[in-house]
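Each value in this text was obtained by applying a stated rule to the coordinates, not by laboratory testing. What you are looking at is a predicted structure, and each value in this text was computed from that prediction instead of being measured. Cβ placement follows ideal geometry from the backbone for every residue including glycine, while neighbour counts extend to all protein chains displayed.
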Ligand SMILES: [Zn+2]
């Protein structure tokens with residue numbers, strides 16, 4: 001093996017190749033430094049004594065499918081100037097105590113776009129935690145500064161990450177899709193660290209997309225007084241689905257055991273979009289609508305509400321359709337529909353702002369939340385919350401290939 005081969009495959013220079021051994025399915029390459037006069041690793045002084053030599057194993061880029069170790073002879077250095085007594089630095093490692101090469105770290109990061117942490121760990125011979133930490137360091141550098149310079153439309157959403165993690169509040173640039181801020185918890189408190197950053201850019205923000213709760217609209221009025229509040233398609237249908245599901249539970253509680261079981265398994269049938277159901281599911285939905293009247297009315301009105309977003313081409317038509325919808329909902333006498341009608345009437349300007357801002361977000365927000373849901377399902381890797389937050393920052397860049 002030549003020195004140039006070591007440089008081009010492992011990023012190592014100024015080290016002498018000695019020999020290669022093959023042990024237990026591993027390739028072990030012996031190398032030692034060419035530098036006869038090492039410097040102090042702390043103050044870089046040349047006034048040093050080299051004392052004993054220690055042998056260290058450093059993980060390197062695998063050779064084929066075999067994990068590879070560099071067995072390096074490292075000198076200990078006593079500095080006459082700063083009195084430090086340290087191991088010499090290895091230029092191909094990022095730190096004094098790092099036990100993998102920079103080339104391997106770059107290789108791990110490139111593999112993570114296509115492979116799970118476990119698969120990368122198995123291929124490279126690194127520990128699972130080390131692979132995760134290498135990626136974490138890369139993400140930390142990548143998202144050290146997130147500029148708000150070109151942001152015009154903000155989107156704020158809270159996502160439930162399961163019992164252990166609770167809620168996360170996520171702020172995004174709705175035009176580029178970039179994540180601007182992630183914090184634990186929900187509501188205005190979770191945004192407290194974002195406030196100083198957004199305050200400086202407040203006059204440039206044209207609109208803010210939020211859910212229909214009061215918390216974020218109060219925050220928007222306070223922090224972004226010039227921006228339009230937009231209640232987008234995604235959040236309106238989400239709220240309607242929550243109302244529909246609570247009506248399903250109320251209906252279930254009034255039924256005997258057998259009917260209750262039947263309705264229990266039909267949750268998704270009621271919540272899914274009508275056009276994505278197959279013929280069989282559609283027949284079942286029709287049966288439920290016929291058997292349980294209130295639930296049927298609510299399910300039909302949910303579809304009507306969705307149609308407003310599909311059919312209305314301007315805010316004037318949308319306004320007429322929303323008001324008609326509210327009349328129907330109020331006339332139904334069903335409590336949850338009456339509440340939904342009240343919410344729609346109270347927030348009508350925000351609902352119509354969706355058309356003013358070219359129907360922003362509906363698809364991207366849902367897709368983004370699905371990606372977060374998928375991250376949650378991989379939750380075993382996210383006991384490390386900082387890593388989870390960084391992965392969320394990286395989500396818009398994530399390929400559709402299921403990594404992790
Ligand atoms: Zn020194």
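Secondary-structure-derived ellipticity at 222 nm for the chain, considering helices only, amounts to -14500 deg cm²/dmol, per-run term -39500 (n - 2.57) for DSSP H runs with n ≥ 4.
Compute the length gained on full extension between residue 394 and residue 76: take 0.36 nm times their separation in residues and subtract their Cα-Cα distance, giving the result in nm to one decimal.
Numbers: separation 318, 0.36 × 318 = 114.48 nm, distance 4.05 nm.
My answer for the length gained is 110.4 nm.
With the simple spin-label model, which puts each label point 7 Å out from Cα in the Cβ direction, the residue 7 to residue 35 separation comes to 1.6 nm.
Here each label is just a point 7 Å from Cα along the line to Cβ, and for residue 272 and residue 51 those points are 7.1 nm apart. Per-peptide packing, taken as the mean over residues of other Cβ atoms within 10 Å, places 203-211, 307-315 in the sequence 203-211, 307-315 from highest down.
Here region 138-223 is treated as an ellipsoid with the same Cα gyration tensor; its semi-axes, largest first and in whole Å, are 19, 18, 11.
For the chain, the percent of C-alpha pairs falling in each 20 Å distance bin, counted from 0 to the bin holding the largest distance, reads 21, 39, 25, 13, 1. Stick to Cα atoms and the Kirkwood definition of Rh, then tell me Rg/Rh for region 86-190. Using only Cα positions, Rg/Rh for region 86-190 is 1.09. The residue 28 and residue 87 beta-carbon pair, evaluated with R₀ = 25 Å, returns a calculated FRET efficiency of approximately 0.80. Here region 149-174 and region 45-65 have alpha carbon centers that stand 45 Å from each other.
So if I take the alpha carbon set of region 233-356, get Rg, then get Rh from the Kirkwood formula, what is the Rg over Rh ratio? It would help to have the intermediate numbers written out before the result.
Numbers: Rg = 14.9 Å, Rh = 15.1 Å.
Rounded to two decimals, Rg/Rh equals 0.99.
Summary of the geometry: region 304-320 and region 66-107, compared by the centres of their Cα atoms, lie 65 Å apart. Among 181, 231, 17, the order by Cβ neighbours within 10 angstrom, fewest to most, reads 17, 181, 231. The stretch between residue 356 and residue 245, if pulled fully straight at 0.36 nm per residue, gains 36.9 nm over its current Cα-Cα span. With the simple model of a label 7 Å out from the Cα in the direction of the Cβ, residue 254 to residue 226 spans 5.3 nm.
Largest mean-square fluctuation among 319, 302, 80, in a Gaussian network model of the chain whose springs join Cα atoms under 10 Å apart, belongs to 80. Between residue 42 and residue 141, the FRET efficiency estimated from the beta carbon spacing at R0 = 30 angstrom works out to 0.80. Extension gain, residue 65 to residue 339: 0.36 nm times the residue separation minus the Cα-Cα distance gives 92.5 nm. The Cα atoms of region 1-108 cover 46, 25, 25 Å along the three principal axes, with the biggest extent listed first. Placing R0 at 60 angstrom, the Cβ-Cβ distance between residue 282 and residue 189 gives a FRET efficiency of 0.85 after rounding to 0.05.
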